[in-house]
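As structure tokens, the structure follows; a few thoughts come after it.
The values are calculated or read from the model by the stated rules, or taken from the named source; none is laboratory data. Note that the coordinates shown come from a computational prediction; the quantities given were computed from them, not determined experimentally. Note that each Cβ is placed from the backbone with ideal geometry, even for glycine, and that neighbours are counted across all protein chains shown. When the accessible area is computed, the model is the full protein with side chains, heavy atoms only, and any ligands, DNA or RNA have been set aside. Shrake-Rupley method; radii C 1.70, N 1.55, O 1.52, S 1.80 Å.
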Amino acid sequence: MLTIEKAIDLFLVDRELKGNTEKTLKNYRQFLGYFVDYIGANKRVDELILGDLKGYHLYLMKKPKYEGHPFKVNSDKGISKVSIQTYLRTLRVFIYYLFEEGYTTENLGHKFKLPKAPKKTVDILSDEEIDKLLNAITENSEFQVRNKCMIVLMLDSGLRRNEVLDLEYDKVHISQNIIKVFGKGQKERLVPIGLYTKKLLLKYIQMYRPISEYPTKKLFLDQNKRPMTENAIKMIFTRLRKKTNIDRLHPHMLRHTFATRYLIHGGDIFSLQQILGHTSLEMVRRYSHVASSYLISNHKRLSPLDNFQKNKYRF
């Protein structure tokens, strides 16, 4: 009969045929690997019971976060509730697959409820921090201009890190002020760019990124004229954290900042949904809460009547 290990191989092929990205497939393999560590590679799928899934949940709750990690010091810190929920959600997708394909006779996924996890708060950059970030990158060299282009695409157009890395030069339509982006699930969308971003992209493309000179279509290249990697982006942000003293700085924070400020400056959530590439409005509504809080906290400073009274008695 079919073992868990072999069933995962079949599942990954099925996901690949459905168009899942390489990163998604990598996550599936990694997260399901944790379940294999618990249940055993040779466990037969037709022997799985609900108790196995609940037992795995308890196992994750008690497991130290960095257990067995070669570069992390062992500690008693456990896996976060958000991570546990992610691992169990992946397992449930796999369990549903087993039932739908007829490898199991009982729909265990329907009975297996996901635990609740605290929602992460949206953290954004202040005006002063944005200024500090942009000033930390000069435009005196190819790689400084390249780095600044990548930063502003996240900050001013809301691109994800991988969307920046995967961006190709023929998807940048400068004259139309738009770029074509391939997001999650290989879904293409049009994203507008501002004048500041447009100016930087023009400078980079015209001065440092000749289109026909290199075999790759990727827009952003390293010093060896190869496409930029995730590790390269991580190194850029490590340097920027040190230079700006913004310790919480990370790529997704720039996307959060864009989304929140888009709403603050009058954008609507439906347009924002299209720009960000979210499939549901629920993902976008969290930004409206942050934007509302920001506007309320700034009303004292921006209140028209308060400012009128101040100006009235200034002299």
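Points to keep in mind about this one:
- Meeting the requirement of 1 or more residues that are aromatic (Phe, Trp, Tyr) and at pLDDT 85 or above, the helices (runs of 4 or more DSSP H) wholly within segment 51-149 are 81-100.
- Each residue in segment 198-223 was checked for being assigned to a loop (DSSP other than H, G, I, E, B) and crowded, with 18+ Cβ neighbours inside 10 Å, and 3 of them qualify.
- Residues (among the β-branched types (Val, Ile, Thr) and part of a loop (DSSP other than H, G, I, E, B)) located in segment 224-281: Thr229, Ile246, Thr279
- Note on segment 96-110: residues that are surrounded by fewer than 13 Cβ atoms within 10 Å (Cβ to Cβ) and over 12 Å from Val45 (Cα atoms) amount to 2.
- From the list Arg189, Arg226, the one residue that fits, being among the charged types (D, E, K, R), modelled with pLDDT under 95 and touching a helix residue (DSSP H, G or I) at 6+ places or on another chain (Cβ under 8 Å), is Arg189.
- When Tyr87 is tested against (1) loosely packed, with under 11 Cβ neighbours inside 10 Å; (2) within 23 Å of the chain's Cα centre (by Cα), just one condition goes unmet, and that condition is (1).
- Test result for Lys26, closer than 30 Å to Glu163 by Cα, open to solvent by 80 Å² or more (accessible area, probe 1.4 Å) and not aliphatic (A, V, I, L, M): yes
- Per the listing Leu155, Leu190, the residue uniquely among the hydrophobic types (A, V, I, L, M, F, W, C) and outside any strand (DSSP E or B) is Leu155.
- Top-ranked residue of segment 242-277 - restricted to ones that are open to solvent by less than 70 Å² (accessible area, probe 1.4 Å) and basic (Lys, Arg), ranked as farthest from Thr121 (Cα to Cα): Arg261
- Within segment 158-172, the only residue that satisfies the criterion of being more than 14 Å from the chain's Cα centre (by Cα) and open to solvent by less than 10 Å² (accessible area, probe 1.4 Å) is Leu167.
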